[in-house]
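A short reminder: the numbers here are calculations on the coordinates, not readings from a lab. What you are looking at is a predicted structure, and each value in this text was computed from that prediction instead of being measured. Cβ placement follows ideal geometry from the backbone for every residue including glycine, while neighbour counts extend to all protein chains displayed.
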Amino acid sequence: MYSSLKNVQILLSLLKNNGIKHVVISPGGCNIPLVRSIENDPFFVCFSVVDERSAAYFAIGISQSVHAPVVALCTSGTAVCNYSSGVTEAFYQGVPLVVVTADRHPYLYKQMETQKINQVDIFKDVTKKSVTLPVVLDDNDFWYCQRLVNEALLELNHHGTGPVHINIPTGVLGIPSDFLTKELPAVVTIKRIMTNDSKEVWAERVTELSSYKRIMVVVGQGRPYTEAEITNFESFCKIYNCVLSVEHLSNLNCEGALITYPVTEMLSAEALESLLPDLIISIGHNIAGANIKGHFRSNKARIKHWLIDETGNVKDVFKSLTTIFECSVPHFFEYFAKNATKESCNDGDYRRRWMNALDAIKVPDLPFSNMYVAQELAKKIPSSSLLHLGILNSTRHMQFFNLNKSIEVFSNIGALGIDGSMSTFIGQAAVLDKLCFLLIGDLSFFYDMNSAGIRHVGGNVRIVMVNNGGGGEFHLLLRATPYSRINDHIATKHTATAKGWIESLGFRYYSATTKEELEVALAGLVSASDVPIFLEVFTEIETDANITYQIYSENTHEGVKSKSKGLVKTIAKTVLGDSAADKAISVIKRMIK
């Protein structure tokens, strides 16, 4: 029987899944939930050493003899401090110890609670990884705890061996700890595959890959890819009939690539049901799409996730990570393309269903608005240019419009701050001999306006600033729940214009308030010039928000609400078939009511 504490259960499950069975136990009170649970499981081999100073060294000796990681487990307080010498020795010898320290509830720190000292990162300089587990109360806590234990155990033999530290609060306020749990919970054990692993290890993954019916390769933000890399992508995706999901920021333009953003950001969970992958293979950095994460996370039990990352770090963006490939992107795709088996059972129609869903989404004729500006700019940017997008609306809107494949696209979505879009863009343009375009909102521009005066601004700079008098993103987010004071402190309404400042810096300045004026201004924007060019487009903030909101609504529930033969029905029937579509639409109707 096991402790009812979920963090204890998760830790023990992952120790067992990783074959770590030798445990050196020192006595105490706070570690009783761990000790009794371990004692009751015949998998573990237990040793008792009272003095923690000796216990850590004793664990080193066992590890050196069995050539495997060993757990050293103690109670809270100064017992933890007594591990210091042994853990230090293990670190400098490269001995893989799992140092598990029981702790009191974190809320009790500095509250005159006995045996409650700061145990977080107490061994940070002499361990390869140090984590403190959460008190597990819900599914998010469970996922986070599971992830932290995986991260720690993965470091035991990552680029050399050595100790790791897992601090676990077991003296939990208000949560009784009994020992009535009969079975440990199912947990996900994350594995790391490295280029120098055996041929057998890699061959097992080829076999596993061939067992998945629906494979999606998700490409996050990244640099432009080489011709050789593109060839590997194309070969892999053809063999496994993958959906190659990209965004403009992926900078991957190859045969088979689909900008899936309109589908994942607009369709309901019901409509996306048959588009869910069995396996996600992800590369690159952050993803601009928000809903794609939510849809896949809510179905994490049905999806496996392979991450390709040369750092080997755990990045569980879809909460379903099972395998990390610590290798280069070219190595992964070339290997699996060359070693593919003929017994692949992939769904031959999977990619077609995604294409049908994308084809069903049509952006209507747009009135003058910030989205219209993105649409028209996308048509005008010359080939081989650079395009930098301000975060949020600028990045979002451009995903709906095609760009010349030779255009490189960037955005500061790493930390998603408005403070440095223009500075980053000007730095890019300063070292390039080609036209460079920036699409930016007014708040982002005014926040970073001093960067327009950097002395390295050249004649290749082209800036389009959409000025709708405030933070348009907030009008969109709060569109369904109107807030009378939104412009006071959230959207920060203003009447400022960039004209005087920009002209004083030597920019050629254009402005537009209508479609006709925008057409003329864009022609000037892409013309040859010895000086930088700035275009300020004046739109109306509520109109901008309403248009974007309406387009999203018409592609999801609004089409159902009006009982029209709108895009929702078209997409649902294309993706799900008639009967499943009718069922999904009825669910959405109930949600609307």
Dipole of the chain, positive end: most advanced residue of Leu133, Phe534, Leu97 [Cβ charges, Cα centre]
Leu133
Roughly how many whole Å is it from the C-alpha centroid of the stretch 46-110 to that of the stretch 300-339?
32 Å
Placing unit charges on C-beta atoms (Lys and Arg positive, Asp and Glu negative, everything else neutral), compute the dipole magnitude of the chain about its Cα centre in debye, rounded to 20.
1060 debye
Among Tyr261, Gly420, His248 - extreme Cα towards positive end, dipole of the chain, charges at beta-carbon
Tyr261
Set the Förster radius R0 to 30 Å, insert the Cβ-Cβ distance between Leu358 and Asp488 as r into 1/(1 + (r/R0)^6), and round the FRET efficiency to 0.05.
0.15
From the list (i) 198; (ii) 217; (iii) 176, can you say which value of volume of the Cα convex hull per residue in Å³ was derived from the structure given?
(i)
Of Tyr509, Asn232, Met465, whose Cα points farthest to the positive end of the dipole of the chain (charges on the beta-carbon: +1 Lys, Arg; -1 Asp, Glu; origin at the Cα centre)?
Asn232
Sorted on mean Cβ neighbours within 10 Å (highest first), peptides 490-499, 69-78 come out as 69-78, 490-499
Below 19 Å, Cα to Cα, which aspartates and glutamates can Lys362 reach? Residues fewer than 8 away in the same chain don't count.
Glu247, Glu265, Glu376, Asp544, Glu554, Glu558
Once phi for every residue in the stretch 381-387 is put through the Karplus expression 6.51 cos²θ - 1.76 cosθ + 1.60 (θ = phi - 60°), the whole-Hz ³J(HN,Hα) values, with Gly and Pro written as x, are 5, x, 4, 6, 8, 10, 10
What ranking, highest mean first, results for peptides 251-263, 444-456 when packing means the other Cβ atoms within 10 Å averaged over each residue?
251-263, 444-456
Are any of the pairs Lys16/Lys300; Lys199/Lys338; Lys116/Lys182; Lys16/Lys213; Lys293/Lys315; Lys16/Lys199 more than 19 Å apart by Cα-Cα distance, and if so, which?
Lys16/Lys300; Lys116/Lys182; Lys16/Lys213; Lys16/Lys199
So the angle from the long Cα axis of helix 199-210 to the longest Cα principal axis of the chain, reported in degrees to the nearest 10, equals 50 degrees
Helix 329-338 sits at what angle to the longest principal axis of the chain, using alpha carbons and giving 0 to 90 degrees rounded to 10?
80 degrees
Which order, highest average first, do 199-210, 37-48 follow once you tally other Cβ atoms within 10 Å for each residue and take the mean per peptide?
37-48, 199-210
Give the total of Lys-Lys pairs in the stretch 370-549 with Cα-Cα distances below 17 Å; include a pair only if its members are 8 or more places apart or on different chains.
6
For helix 421-430, what angle does its Cα long axis make with the longest principal axis of the chain, in degrees from 0 to 90 and rounded to 10?
70 degrees
In nm, the gap between the two label points placed 7 Å beyond Cα toward Cβ at Asn140 and Asp125 is 3.6 nm
